[in-house]
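The values are calculated or read from the model by the stated rules, or taken from the named source; none is laboratory data. Note that this is a predicted model, so its numbers are computed, not measured. Here Cβ is always computed from backbone atoms with ideal geometry, including for glycine, and neighbour counts include all displayed protein chains.
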Amino acid sequence: MENYDVIIIGGGPAGLTAAIYASRARLNTLIIEKESFGGQIVSTDGIENYPGIVEGDTGTTLVERMRKQAESFGTKFLRSEVVDFDFSQKIKTVKTKDETFSAKGVILSVGASHRKLEVKGEDEFAGAGVSYCATCDGAFFKDIEVFVVGGGDTAFQEALFLTKYASKVTIIHRRDSFRATKILQDKVEQNKKISFLLNSKIKEIKGDGLVGSITVENVITGEETQFFPNNAFNTFGIFVFAGNIPNTKLFEKQLKLNPQGYFIVGKDMKVMDGVYAAGDCIEKEFRQVVTATSDGAIAALELEKYIEFEF
């Protein structure tokens, strides 16, 4: 069993920032991530609201800088999935598929995953017209109409990005008002390629190999409308940005979660003695890269104090 001062589970902006702070404090730190380091931000084409970012920087650019900074202070990185843990003792244990590790403290920065629409045809056409990442798949829809589902910042950012490729972008939102910031709403409303279907939701997705039609229901009247592609490719794209689900299921039996599945923490990011949480997996109002990095810094600083006092 390998022993560490700090184990960080999750390698998004919160986890990477926590790693920078913990390693800089000369705590032997391991960060474990089951997918690509950086979390959802790596699929973001452009970032405008993070301090120090210049035009042309992407989510991947920012993540690479964070990782290099953490590595420069001695953080160790492991690409693996955590499958079990024991936080009941003073020394915490974390198990991956292949190894078991121990630590004086743990930071949970497990992030959140895209929420699906849970409609007929969504899973069938995932990767064949249905996507959850405009940066990843937008170029496949050059001169093709696309639909974007959602009303928050992510949906609006990705809708704007998709106008680089798509012939037309239609935003489908189940309400008649949006959560997106005013500056993004203004940009979207000024873009001639973008239109709206409000008070509406997708009810069904059909096709033959690729998406061939969608049925949209008006949530107020119940009226249903079918949309068919009007292009040489006989298909269109559906990009889903309907919120997130916290990746906390593994921890629900031992740690306190709110009804939506988010970790409940105080200002010190503490979940329990020796265990802290940060980023999109905690209960909070604003979910931005800058708030995630703040969470990670606070969690690491508080854990440093805990280790100094307890060990």
Of all residues being closer than 19 Å to Ser195 by Cα and touching a helix residue (DSSP H, G or I) at 6+ places or on another chain (Cβ under 8 Å) in the range 132-149, which is surrounded by the fewest Cβ atoms within 10 Å (Cβ to Cβ)? Just the residue, please. Gly138
From Ile238, Ile245, which residue is of a type in the set (A, V, I, L, M), under 26 Å from His173 (Cβ atoms) and at pLDDT 95 or above? Ile238
Considering only the range 100-155, give the strands (runs of 3 or more DSSP E) lying wholly within it that have at least 2 residues that are of a type in the set (Val, Ile, Thr). 100-108, 145-149
Any residue at all in the range 205-218 that's touching a Pro at 6+ places or on another chain (Cβ under 8 Å), assigned to a loop (DSSP other than H, G, I, E, B) and more than 17 Å from Thr154 (Cα to Cα)? no
Report every pair of residues separated by at least 6 positions or lying on different chains whose Cβ atoms are under 9 Å apart, first residue within the range 71-85 and of a type in the set (Asp, Glu), second exposed (fewer than 14 other Cβ atoms within 10 Å of the Cβ) and at pLDDT 95 or above. Asp84/Thr100
Restricting attention to the range 125-182, report how many residues are acidic (Asp, Glu) and either within 22 Å of Phe286 (Cβ to Cβ) or not assigned by TED's automatic domain parsing to the domain that holds Leu198 (or both). 2
Restricting to the range 128-185, what's the tally of residues that are hydroxyl-bearing (Ser, Thr, Tyr) and under 17 Å from the mean Cα position of the chain (by Cα)? 4
Restricted to the range 230-240, and to residues that are outside any strand (DSSP E or B) and under 30 Å from the mean Cα position of the chain (by Cα), which residue is farthest from Val149 (Cα to Cα)? Thr235
For residues that are basic (Lys, Arg) and farther than 14 Å from Asn28 by Cα, scanning just the range 67-84, find the one that is surrounded by the fewest Cβ atoms within 10 Å (Cβ to Cβ). Lys68
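Residue-wise test of (1) assigned by TED's automatic domain parsing to the domain that holds Ala22; (2) over 19 Å from Ser36 (Cβ atoms); (3) assigned to a strand (DSSP E or B).
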site	(1), (2), (3)
Leu62	yes, no, no
Lys68	yes, no, no
Ser88	yes, yes, no
Val94	yes, yes, yes
Filter the range 282-311 for residues that are of a type in the set (S, T, N, Q) and either buried (at least 19 other Cβ atoms within 10 Å of the Cβ) or more than 15 Å from the chain's Cα centre (by Cα) (or both) and give the result. Thr293, Ser294
